[in-house]
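**Student:** One structure coming up, written as structure tokens, with questions to follow.
The values are calculated or read from the model by the stated rules, or taken from the named source; none is laboratory data. Predicted, not measured: the structure shown is a model, and the values here were computed from it. Note that each Cβ is placed from the backbone with ideal geometry, even for glycine, and that neighbours are counted across all protein chains shown. Note: areas computed on protein heavy atoms with side chains; ligands, DNA, RNA excluded. Shrake-Rupley method; radii C 1.70, N 1.55, O 1.52, S 1.80 Å.
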Amino acid sequence: MTPLAPEPILRAALNVVHVAAYTTRNWTLGDVVTREQVNDLWEAIHEVPILLTRWRHDAETELLMYFDEYDRKWPAPRLREMYQKHLEYGHPA
């Protein structure tokens, strides 16, 4: 069986997925963001669950690559920052 991510990483990454989910839900209430941004956010997020459940030595690098790709293009939400703050402080930032 492939190992899960270490608990602090698991919690931090799942927090990012949670924020992406409710942010996307909130975006649907208006015409504030484009479909392109919604798609880019989920392009960055959709691999997170599989990475967390098939953890390997370089998985965090891949995870951060997805977050960084989104962050380079869009001002919010800041995926890497959320992830790192949650790792550092152990709770949502």
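**Student:** Name the residues in segment 57-77 that are of a type outside the set (S, T, N, Q) and open to solvent by 90 Å² or more (accessible area, probe 1.4 Å), would you?
**Tutor:** Keep residues of segment 57-77 that are of a type outside the set (S, T, N, Q), which gives 57-60, 62-77.
Of everything in segment 57-77, those that are of a type outside the set (S, T, N, Q) and open to solvent by 90 Å² or more (accessible area, probe 1.4 Å) turn out to be 57, 69, 72, 73, 75.
**Student:** Scan segment 73-87 for residues that are farther than 18 Å from residue 43 by Cα and either within 11 Å of the chain's Cα centre (by Cα) or of a type in the set (Asp, Glu) (or both) and report the count.
**Tutor:** Residues in segment 73-87 being farther than 18 Å from residue 43 by Cα and either within 11 Å of the chain's Cα centre (by Cα) or of a type in the set (Asp, Glu) (or both): 1 in total.
**Student:** Return yes or no: is residue 89 open to solvent by less than 70 Å² (accessible area, probe 1.4 Å) and either at pLDDT 95 or above or not acidic (Asp, Glu) (or both)?
**Tutor:** Values: open to solvent by less than 70 Å² (accessible area, probe 1.4 Å): no; either at pLDDT 95 or above or not acidic (Asp, Glu) (or both): yes.
No.
**Student:** On the basis of being over 20 Å from residue 2 (Cβ atoms) and touching a residue at least 12 places away in the same chain (Cβ under 8 Å), does residue 80 make the cut? Explain how you work it out, then say what you get.
**Tutor:** Values: over 20 Å from residue 2 (Cβ atoms): yes; touching a residue at least 12 places away in the same chain (Cβ under 8 Å): yes.
The answer is yes for residue 80.
**Student:** Here's something else I'd like to know. For segment 49-93, give me each residue that is in contact with a Phe, Trp or Tyr (Cβ under 7 Å, 6 or more places away or on another chain) and charged (D, E, K, R).
**Tutor:** Start the filter on segment 49-93 by keeping residues that are in contact with a Phe, Trp or Tyr (Cβ under 7 Å, 6 or more places away or on another chain), which leaves 67, 79-80, 83.
The answer is 80, and nothing else.
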